[in-house]
1. Being in contact with a Gly (Cβ under 7 Å, 6 or more places away or on another chain) and within 14 Å of the ligand (Cβ to nearest atom) narrows it down to one of Ile126, Ile165, Ile174, so name that one.
2. Can Leu142 be described as open to solvent by 30 Å² or more (accessible area, probe 1.4 Å) and either within 15 Å of the ligand (Cβ to nearest atom) or at pLDDT 95 or above (or both)?
3. If you check every pair at least six apart or on different chains, which have Cβ atoms under 6 Å apart with a residue in segment 206-217 that is closer than 21 Å to Thr176 by Cβ and within 6 Å of the ligand (Cβ to nearest atom) first and a residue that is part of a helix (DSSP H, G or I) and open to solvent by less than 10 Å² (accessible area, probe 1.4 Å) second?
4. Filter segment 31-47 down to the residues that are within 18 Å of the chain's Cα centre (by Cα) and among the aliphatic types (A, V, I, L, M), then identify the one that is nearest to Val80 (Cα to Cα).
5. Of the residues that make up segment 56-79, is at least one touching a Phe, Trp or Tyr at 6+ places or on another chain (Cβ under 8 Å) and assigned to a helix (DSSP H, G or I)?
6. Test each condition in (1) in contact with a helix residue (DSSP H, G or I) (Cβ under 7 Å, 6 or more places away or on another chain); (2) modelled with pLDDT of 95 or more; (3) farther than 19 Å from Pro125 by Cβ; (4) open to solvent by less than 60 Å² (accessible area, probe 1.4 Å) for Gln31 and report the one that comes out false.
7. Quick one: how many residues across segment 189-228 are within 16 Å of the chain's Cα centre (by Cα) and of a type in the set (Val, Ile, Thr)?
8. Counting only residues that are within 17 Å of Ile126 (Cα to Cα) and either among the hydroxyl-bearing types (Ser, Thr, Tyr) or touching a strand residue (DSSP E or B) at 6+ places or on another chain (Cβ under 9 Å) (or both), how many does segment 50-83 have?
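The values are calculated or read from the model by the stated rules, or taken from the named source; none is laboratory data. Only a predicted model underlies this, so the values are computations on that prediction, with no experimental measurement involved. Methodologically, a virtual Cβ is constructed for each residue, glycine included, from the backbone with ideal geometry; neighbour enumeration extends over all protein chains shown. All accessible areas refer to the heavy atoms of the entire protein, side chains included, with ligands and DNA or RNA removed. Shrake-Rupley method; radii C 1.70, N 1.55, O 1.52, S 1.80 Å.
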Amino acid sequence: MSQRTRLIAGNWKMHCTADEARTLVDALLPQIVDAGDRDVLVAPPFTALSTVAECLRGSSVLLAGQNLHWEDRGAFTGEVSAPMLAAAGCSHVIVGHSERRHLFGEPDEVVGRKAAAALRAGLRPIVCVGETLAEREAGTTLEVVDRQTRAALAALEPAGLEQVILAYEPVWAIGTGQVATPEQAQDVHAAIRGLLTLLAGSRVAAGARILYGGSVKPDNIDALMRQPDLDGALVGGASLQPADFARIVRFAA
Ligand code: PGA
């Protein structure tokens, strides 16, 4: 097995007021105290970040934003910047989630600018890539993932590449209950690691964490984590259920 520390990340999306977030974290923490050899992260909505940061004090659970703007400040109504996330207690930020790309029209190039902004503020970007069902059926999965990954990484300095976490999330698997098979995921993860070798060298590629996301549940996490290039999971729906998320964190590989 690889030396990479596995990371289980919960993406709460547009769920939880600050009070609901506190209830969720308070229920979760006692169930994951024994998860020592893996990293755990939660990404609440912006309005719950400071509450969750407070609840997490003294625990090793990491905090992430779900999105950011690429400028540090300015006249960008409704946006939140990397320094603001860092000041709210975040160490990570999700960038280029498929819901941002497909529901809000975020192009590849913007994903790269956002990843660069995150790194400037000392945040580790979790860059999401993944094909739609039509793209998979057309046989262009690897092409799409290659294009998205290159675009996101092109904007980064070499030192920044070491900080990036990638998440392969096939769009057809997100929120659908239709998980990629461990083999389908492994194929794409291996291709992404191959691309990282080309772009950043073998040391960076070997150390980079590549998460899988898309309908990860307690009953499929173990098989996914047995694949050599799957270094964790980005979990949506199941991260809102403390018992389910805790079981995913405590996966058996
Ligand atoms: P899901 O979402 O686990 O609900 O499929 C995953 C994600 O969007 O990151």
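1. Exactly one residue qualifies, and that residue is Ile174.
2. On the way: open to solvent by 30 Å² or more (accessible area, probe 1.4 Å): yes; either within 15 Å of the ligand (Cβ to nearest atom) or at pLDDT 95 or above (or both): yes.
It is true that Leu142 is open to solvent by 30 Å² or more (accessible area, probe 1.4 Å) and either within 15 Å of the ligand (Cβ to nearest atom) or at pLDDT 95 or above (or both).
3. Gly214/Ala173; Ser215/Ala173
4. As a first pass, look at segment 31-47 and keep what is within 18 Å of the chain's Cα centre (by Cα): 38-46.
Now restrict to residues that are among the aliphatic types (A, V, I, L, M): 40-43.
Working: Val40: 23, Leu41: 20, Val42: 18, Ala43: 14 Å.
Of everything passing the filter in segment 31-47, Ala43 is nearest to Val80 (Cα to Cα).
5. no
6. Result: Gln31 passes all but (4).
7. 4
8. Residues of segment 50-83 that are within 17 Å of Ile126 (Cα to Cα), as a first pass: 61-70, 80-83.
With the extra rule that they be either among the hydroxyl-bearing types (Ser, Thr, Tyr) or touching a strand residue (DSSP E or B) at 6+ places or on another chain (Cβ under 9 Å) (or both), the set shrinks to 61-70, 80-82.
Count: 13.
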